Amino acid sequence: MIPGRSPGGGLLATLDPRSRTIAAALFALVVVGQDSLPTLGMAVTLALLTAVLARLDPIATLRRLLALDGFMVLALASLPFTVPGETAFALFGIEASQAGLRLSLAILLKANAVVLMMLALLGSMDPVAFGQALRRLGVPEKLVQIYLFTLRYLDVLHHEFRRLRTAMRARAFTLRSDRHTWRSLGYLVGMLMVRSVERSERIVAAMRCRGFDGSFPVLDEPSRFRRPDGVFAGLALVGMSLLVMVEVS
Amino acid sequence: MGPLFRLEGLSFSYNPGCPVLDELCFRLDPGEKVALAGPNGAGKTTLFHLMVGLLTPTGGTIEAFGAIRRGEKDFKEVRARAGILFQDSDDQLFCPTVAEDVAFGPLNLGKRPAEARAIVAETLAMLGLTGFETRITHTLSGGQKRLVALATVLAMRPDVLLLDEPTNALDEATESLLTDILAGLPQAMVVISHDTAFLDRIATRRVRLDRGRLAP
């Protein structure tokens, strides 16, 4: 589940959430545009350095990266056999191309660099602060509201799901591969949706009772860009320019 | 001073042919703390929603704070002066932090952030919740959620409180704390509750909703 406030972030915690959000987005853009393996290696190194600076938990981070890589492994494994080019090796009589191998490796590095950087810059941030940063960066209000409401009610929905699931188990329901199981699971999902709609109606009613008319007032005084943000922006620009320069040369 | 609320011949139904409220009459005067009882599904919560215009009656009139109320515009003012405490506090608390949630109403009423902050501090202090400002609403316990939900209502500085089962599912300590708080508030209130001990302490009058009408 998404935690409420995640402290930490090391040195990065002193930065304005907007600086971190912009840097993460720019980094992703720059890295996705790269093709040479040395540049991508540099990008991964840069992401690793940031992760260390953000004091990410190594084991939890590794687990997340592995989840990503596990997800991509099928696509990457088939690439060498489908991309035409000089033969690198053959498996069961099917030839794997060098170009394909190179492409797989490049995609792997890209994905890991971007995700690691996101985890370091955004993952260590309080999710609510991230939402407010998005709002102040001009992301459409509706998207920000959907994000913030998801944060707030994910936990409530999960509780509701667990309550229903426990109630089912209390009446000896076990997962089997028969019609009864599928129908019951369908009822569970359906009931969860009905309850969500009803809850959303009650929430809007409660909000209208407090004078809500469609726009969200903001209580927090916004944080400002300060000296550390300037230093961080400078370093980020230098890092990303290096990536672009190495790529171009 | 006239009545805060006067309902005359109020009717309402969700489905034609089976009315929930049938020409109901009710009057709430300043200083009254009215207990509203009745079987499950009798329409007690529905009555609250009609009183603040979340639902539209099929017949009858709603007079609130000295004026007949009809459209959405009329009821906006009613909602600012009559606060509902909902049965499920999770419905009421939707902001990430307690301070933001308590400030939501005052900010909607046009208060500046600094004023809203002062109201938040004052309201939380009144309920013994000082220091809860930065707490995350969905990590609070059930009792804390109920108290914070009450704070969000009180922060609007209402003249009338409509409380929907306020002591439901609270432990003894929280219940007695909430009872003390509610007994000490100057506002007129209507309280839906099945908790006899609680009602004995705060109610000045009792009414019962049954088959669409109120009986003493």
Query raised in the report: Going by the conditions given, is residue B:24 surrounded by 20 or more Cβ atoms within 10 Å (Cβ to Cβ) and in contact with a Lys or Arg (Cβ under 8 Å, 6 or more places away or on another chain)?
Result: yes
Report task. Would you tally the residues in segment A:187-236 being under 23 Å from residue A:128 (Cα atoms), within 14 Å of chain B (Cβ to nearest Cβ) and under 28 Å from the mean Cα position of the chain (by Cα)? Result -> 12
Query raised in the report: Considering only segment B:108-120, how many residues are free of Cβ contacts under 8 Å to residues at least 12 places away in the same chain, under 17 Å from residue A:207 (Cβ atoms) and either more than 19 Å from the chain's Cα centre (by Cα) or more than 7 Å from chain A (Cβ to nearest Cβ) (or both)?
Result: 2
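Quick one: in segment A:167-179, of everything that is part of a helix (DSSP H, G or I) and exposed (fewer than 10 other Cβ atoms within 10 Å of the Cβ), which residue is modelled with the lowest pLDDT? Don't jump to the end; show me each part of the working.
Of segment A:167-179, the ones part of a helix (DSSP H, G or I) are A:167-170, A:179.
From what's left, exposed (fewer than 10 other Cβ atoms within 10 Å of the Cβ): A:170, A:179.
Working: A:170: 76, A:179: 86.
Step by step, filter segment A:167-179, then rank; the result is A:170.
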Query raised in the report: So which pairs qualify, if the first residue must be in segment B:91-102 and at the interface with chain A (Cβ under 7 Å from one of its Cβ atoms) and over 13 Å from residue A:217 (Cα atoms), the second must be assigned to a loop (DSSP other than H, G, I, E, B) and at pLDDT 85 or above, the Cβ gap must be under 7 Å, and the two must be at least 6 apart or on different chains?
Result: B:92/B:86
Report task. Search segment B:128-142 for residues being crowded, with 20+ Cβ neighbours inside 10 Å and away from chain A (no Cβ under 12 Å), and hand back the single one that is nearest to the chain's Cα centre (by Cα). Result -> B:129
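Listed here are the residues, each with its yes/no results for (1) under 21 Å from residue B:90 (Cα atoms); (2) in contact (Cβ under 8 Å) with a residue 12 or more places away in the chain; (3) in a helix (DSSP H, G or I); (4) out of contact with any His (no Cβ under 6 Å at 6 or more places or on another chain).
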{"residue": "A:114", "(1), (2), (3), (4)": "no, yes, yes, yes"}
{"residue": "A:121", "(1), (2), (3), (4)": "no, yes, yes, yes"}
{"residue": "A:129", "(1), (2), (3), (4)": "no, yes, yes, yes"}
{"residue": "A:139", "(1), (2), (3), (4)": "no, no, no, yes"}
{"residue": "A:143", "(1), (2), (3), (4)": "no, no, yes, yes"}
{"residue": "A:146", "(1), (2), (3), (4)": "yes, no, yes, yes"}
{"residue": "A:162", "(1), (2), (3), (4)": "yes, no, yes, yes"}
{"residue": "A:181", "(1), (2), (3), (4)": "no, no, yes, yes"}
{"residue": "A:184", "(1), (2), (3), (4)": "no, yes, yes, yes"}
Query raised in the report: Can you find a residue in segment B:9-28 that is closer than 18 Å to residue B:153 by Cβ, out of contact with any helix residue (DSSP H, G or I) (no Cβ under 7 Å at 6 or more places or on another chain) and at pLDDT 95 or above?
Result: yes
Query - Where residue A:244 falls short, out of the listed (1) in contact (Cβ under 8 Å) with a residue 60 or more places away in the chain; (2) loosely packed, with under 12 Cβ neighbours inside 10 Å - result: (2)
Report summary line: The condition from (1) closer than 26 Å to residue B:145 by Cβ; (2) more than 7 Å from chain A (Cβ to nearest Cβ) that residue B:66 misses is numbered (1)
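Based on this model, can you work out whether residue B:4 counts as closer than 25 Å to residue A:211 by Cα, touching an Asp or Glu at 6+ places or on another chain (Cβ under 9 Å) and not β-branched (Val, Ile, Thr)? If you could, list the steps in order and put the result at the bottom.
Working: closer than 25 Å to residue A:211 by Cα: yes; touching an Asp or Glu at 6+ places or on another chain (Cβ under 9 Å): yes; not β-branched (Val, Ile, Thr): yes.
Against the criterion (closer than 25 Å to residue A:211 by Cα, touching an Asp or Glu at 6+ places or on another chain (Cβ under 9 Å) and not β-branched (Val, Ile, Thr)), residue B:4 qualifies.
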Query raised in the report: Given A:63, A:55, A:18, which one is among the basic types (Lys, Arg) and surrounded by 17 or more Cβ atoms within 10 Å (Cβ to Cβ)?
Result: A:18
Report task. Collect the residues in segment B:139-155 that are more than 20 Å from residue A:153 (Cα to Cα) and out of contact with any Leu (no Cβ under 7 Å at 6 or more places or on another chain), keeping them in residue-number order. Result -> B:154, B:155
**Report entry** Evaluation of residue A:239 against (1) under 27 Å from the mean Cα position of the chain (by Cα); (2) free of Cβ contacts under 8 Å to residues at least 60 places away in the same chain (one fails), failing number
**Finding:** (2)
Query raised in the report: Of all residues in segment B:149-172, how many are away from every other protein chain (no Cβ under 12 Å), more than 11 Å from the chain's Cα centre (by Cα) and in a helix (DSSP H, G or I)?
Result: 1
Report summary line: Counted residues in segment B:54-78 being out of contact with any Lys or Arg (no Cβ under 7 Å at 6 or more places or on another chain) and surrounded by 22 or more Cβ atoms within 10 Å (Cβ to Cβ) come to 1
Requested in this report: For residue B:75, indicate whether it is among the aromatic types (Phe, Trp, Tyr), under 17 Å from residue B:165 (Cβ atoms) and within 14 Å of chain A (Cβ to nearest Cβ).
Outcome: no
Query raised in the report: Only one of (1) free of Cβ contacts under 8 Å to residues at least 12 places away in the same chain; (2) of a type in the set (D, E, K, R); (3) closer than 25 Å to residue B:79 by Cα fails for residue B:164. Which number is that?
Result: (1)
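The values are calculated or read from the model by the stated rules, or taken from the named source; none is laboratory data. Since the model is a prediction, treat every value here as computed from it, not as a measurement. Cβ atoms come from the backbone with ideal geometry, glycine included; neighbour counts cover every protein chain shown.
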